[in-house]
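What follows is a short report on a single structure.
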Amino acid sequence: QCGHILLSAPIVRLGDQVTASCIINQNCSHLGTEWRIVWKLEPELHPRERQQRLPNGTLQSTITLPHLNHSRVLLSCCLHWGNSLQILDQAELQAGYPPTAPHNLSCLMNLTTNSLICQWEPGPNTHLSTSFTLKSFKSQDKCQTQKDSIPDCVPEDGQRCCSIPRKHLQLYQNMSIWVQARNALGTSISPKLCLAPMDVVKLEPPTLWALEPSPAMAPPQPGCLRLRWETWKPSLYIEQKCELRHQPRLGEAGWDLVSALPARTPQYELCGLLPSTAYTLQMRCTRWRLPGHWSEWSPSLELTTTQR
Amino acid sequence: TPLGRARSLPQSFLLKCLEQVRKIQADGAELQERLCAAHKLCHPEELVLLGHSLGIPQAPLSSCSSQSLQLTSCLNQLHSGLFLYQGLLQALAGISPELAPTLDTLQLDVTDFAYNIWLQMEDLGVAPAVQPTQGTTPTFTSAFQRRAGGVLVASKLQSFLELAYRVLRYLAEP
C-alpha cells in the first residue's frame with residue numbers, strides 16, 4: 001500500500017482539535033518525481049498542513065483541524081500524479097458528545113404481554129452511535145442490596161423502551177431499574193427506580209354496556225340511566241376500584257365524575273341527569289388497596305335519559 | 001391467641017397474598033380448561049388410580065384451619081406446599097407445546113408466591129434455618145401421564161389454594 005492515514009483519534013468531542021497524517025511509503029517506487037500529496041476533506045475544510053521527509057525516507061503530510069465542528073468528515077489522502085489525482089487511503093472522522101444521563105425513566109407492568117415495559121428519554125443528540133441498555137436487579141429490601149441479577153434488556157434499534165419478560169420478574173418483589181447510555185466518548189446512567197412489577201400494573205379499560213329494559217324491572221326514572229360494566233378479563237384476580245365520567249353529548253358541559261365504584265356490578269343506575277338527553281359515558285379502573293396505575297378511559301357508551 | 005401473632009403480618013402482605021392466590025387459581029383453571037378441551041381429561045376423579053401409582057401428594061394445611069390456627073406452622077405449611085407444587089409443575093415440563101406457556105406462567109406464579117411467603121417468614125424471624133429441597137417428584141413416563149399428572153396436580157393445587165385463601169382472608173380481616 002503506497003500510503004496510509006493515521007488519525008490522532010477517530011472520534012473526538014465536537015470542537016476539539018484533530019490531527020491526521022498521511023505517510024507515503026518508500027516502496028511506492030513507481031511514482032517517479034512529479035507528484036505531491038493532496039488532502040480531500042468532505043465537507044470541505046481548510047486545515048493547516050505541513051509536510052516533512054522522515055529519516056527513513058518516507059514522506060509525511062500532517063493536517064490539523066483546530067476545532068472540528070462537523071460530526072462527520074471524510075478524509076482522503078491523494079497524490080497529484082502526472083495529471084491525475086490518485087486516492088491512496090481514506091478515513092472517517094467523527095465528532096460528538098458523551099451521552100448525558102437518560103431521564104424520565106418509567107415502567108408499566110403489562111398483563112397482556114406479561115412483561116414489564118420501561119421507557120425513558122435519551123437526552124440531547126450526541127451525534128454519535130449511542131447504545132442504551134435497561135439494567136436491573138432483584139432486591140429483598142428497598143433496592144439497597146442486590147439479590148439476583150436480571151439479564152440486560154437491549155432495546156431494538158432506535159427504540160426508547162424495553163420489555164423485561166415475565167420469566168425474569170418476581171411480580172411482588174422490589175427490583176432496581178436504570179438505563180445506561182454509552183458511546184465512544186463515555187457512559188452515563190439514569191436515576192434508579194425501585195419498584196415491584198405488580199405495583200406499576202396498568203389495566204386495560206373495563207367494558208360498559210347499556211342495560212336492556214326487561215319486564216322484571218321498572219323503567220328508569222326520568223333523568224336516569226341504567227348500565228353495567230365488566231373489568232378486563234385478565235385482571236379479574238386483581239382487586240380494583242373504578243370511576244365513571246359522563247357528559248351530555250351536545251353542548252359545552254364538561255365531564256362529571258362518579259368515583260369509588262366497584263370493579264363489577266350487574267346493574268347500576270345513574271341519576272340526577274337532564275331528562276331526554278343523550279349522554280356519553282366512560283369508565284376507568286385501577287388496582288386498589290394495592291398500588292397500580294389507572295387504565296385509560298374505556299370506549300364511550302352513548303345513552304339517552306327518559307323523558308319527564 | 002393465634003390472631004395476636006397474626007397482627008404481625010402486614011396488611012399489604014396479606015392483600016398481595018390474596019391477589020397471588022387468585023392469580024394462581026386463574027392460571028390453574030386455564031390449565032385445567034385446556035387439558036379438558038385438548039385431551040378430554042376433564043375430571044380428576046377419573047384419574048385417582050393413576051394418581052396413586054404416580055404418587056402425586058396433597059400438601060397439608062392442617063395448621064391453617066381457623067379452629068386451630070398456628071401462624072408460624074401455617075406459614076411454613078403454606079411455603080412447603082407451594083414449594084412442593086412448584087416441583088410437581090416442574091416435573092410436568094414437556095407436557096405439550098400448546099400447554100407449555102400456561103404451565104410456565106403457573107409455575108412462575110407459584111414460585112413467586114412461595115418466595116413471598118418465605119421472605120415474610122424471614123422478616124418475622126420464623127423461617128427454618130435451611131431452605132427446603134425438592135423431595136422425589138413423580139416420574140411421568142408418557143405424554144398421557146404428563147397430561148393426566150397435569151390434571152391431578154392442578155386439581156390438588158386448587159384445593160390447596162382454596163384453604164390458603166380462606167385463612168389469608170381470615171387473617172386480613174380488620
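The values are calculated or read from the model by the stated rules, or taken from the named source; none is laboratory data. Keep in mind that this is a model prediction, so the values were computed, not measured. Note: ideal-geometry Cβ built from the backbone for every residue, glycine included; neighbour counts use all protein chains shown.
If the condition is being within 42 Å of the chain's Cα centre (by Cα) and of a type in the set (A, V, I, L, M), then region A:45-71 contributes A:Leu45, A:Ile63, A:Leu65, A:Leu68. The residue that is modelled with the lowest pLDDT, among those in region A:203-225 that are in contact with a strand residue (DSSP E or B) (Cβ under 7 Å, 6 or more places away or on another chain) and surrounded by fewer than 19 Cβ atoms within 10 Å (Cβ to Cβ), is A:Pro220.
Pick out the one residue from A:Leu88, A:Leu105, A:Leu116 that is surrounded by 12 or more Cβ atoms within 10 Å (Cβ to Cβ) and within 14 Å of chain B (Cβ to nearest Cβ). Break it down into steps so the answer makes sense when it comes.
Details: A:Leu88 fails: within 14 Å of chain B (Cβ to nearest Cβ); A:Leu105 fails: within 14 Å of chain B (Cβ to nearest Cβ).
Going through A:Leu88, A:Leu105, A:Leu116 in turn, the sole match is A:Leu116.
Taking every residue in region A:34-46 that is more than 15 Å from A:Gln90 (Cβ to Cβ) and pairing it with any residue that is exposed (fewer than 13 other Cβ atoms within 10 Å of the Cβ), at least 6 positions away or on another chain, the pairs with Cβ-Cβ distances below 8 Å are A:Glu34/A:Gly82; A:Trp35/A:Gly82. Here A:Leu65 meets the list (1) buried (at least 18 other Cβ atoms within 10 Å of the Cβ); (2) over 26 Å from A:Thr19 (Cβ atoms) almost entirely, failing just condition (2). Within region A:49-64, residues that are more than 16 Å from A:Asn27 (Cβ to Cβ) sit with their Cβ atoms under 6 Å from residues that are among the aromatic types (Phe, Trp, Tyr) and surrounded by 15 or more Cβ atoms within 10 Å (Cβ to Cβ), at 6+ positions apart or across chains, in these pairs: A:Ile63/A:Trp39.
Quick one: in region A:232-246, which of the residues that are within 14 Å of chain B (Cβ to nearest Cβ) and more than 23 Å from B:Glu162 (Cα to Cα) is surrounded by the fewest Cβ atoms within 10 Å (Cβ to Cβ)? Checked region A:232-246; the qualifying residue surrounded by the fewest Cβ atoms within 10 Å (Cβ to Cβ) is A:Lys241. If only residues of region B:116-128 that are in contact (Cβ under 8 Å) with a residue 12 or more places away in the chain and within 11 Å of another protein chain (Cβ to nearest Cβ) are counted, the one that is surrounded by the most Cβ atoms within 10 Å (Cβ to Cβ) is B:Ile117.
Of the residues contained in region A:247-264, one or more are found to be in contact with a Pro (Cβ under 9 Å, 6 or more places away or on another chain), modelled with pLDDT under 95 and either within 14 Å of chain B (Cβ to nearest Cβ) or assigned to a strand (DSSP E or B) (or both).
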